[in-house]
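Note sheet for the following structure.
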Amino acid sequence: NVVGPVIEQGSRVSLHFSLSLTDGTLAEASAPGEPWTVTIGSGDLFDALERCLLGLRAGERRRCEIPAQEACGPARDDAIHALPRSSFPPELGVEAGQVIGFTMPVGQEAPGRVLDVTDTEVTVDFYHPLAGHDLVFEVEILAVEPAA
């Protein structure tokens, strides 16, 4: 029962999705009963995910395998920074493995994964945690509003 407009640039799309590593480890998914709504071309999704959606209609499902270089890019060492421990509030129990939101100099918020904590510094990786991994994107299209 596939009907209605196809997904194209500017379409507003309601969908359920899962994003996994190729070994099956779930990285992110929409919650049951809480679909995501995205606008194609707005930057809500990275390009490879948008390309996977183009041409689908409400009621369709698709599975796309996305190589690392088209997803979040290769893993890089230049995104790892040592920050003074004193720049973190004392009440914030900073631990290795924790993901913390940082406000960047341009005002944009970016997640950083804590790699190591000493008495004087905190080592943080600002590169996307999925960098260097091939991904599997599975999607079910619930509704498509044509581009305005």
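Structure notes:
- Matching residues, segment 59-94, being closer than 23 Å to Asp119 by Cα, small (Gly, Ala, Ser) and at pLDDT below 85: Ala79, Gly93
- Pairs, first over 21 Å from Leu56 (Cα atoms) in segment 12-24, second modelled with pLDDT under 95 and open to solvent by less than 20 Å² (accessible area, probe 1.4 Å), C-beta under 8 Å, six or more apart: Leu21/Leu135; Leu21/Val136; Thr22/Leu135; Thr22/Val136
- Considering residues of segment 7-26 that are buried (at least 16 other Cβ atoms within 10 Å of the Cβ) and hydrophobic (A, V, I, L, M, F, W, C) only, the residue nearest to the chain's Cα centre (by Cα): Leu19
The values are calculated or read from the model by the stated rules, or taken from the named source; none is laboratory data. Here the structure is a predicted model, which means the values were calculated and not measured. Cβ sites come from the backbone with ideal geometry, for glycine too, and all protein chains shown count toward neighbours. Note: areas computed on protein heavy atoms with side chains; ligands, DNA, RNA excluded. Shrake-Rupley method; radii C 1.70, N 1.55, O 1.52, S 1.80 Å.
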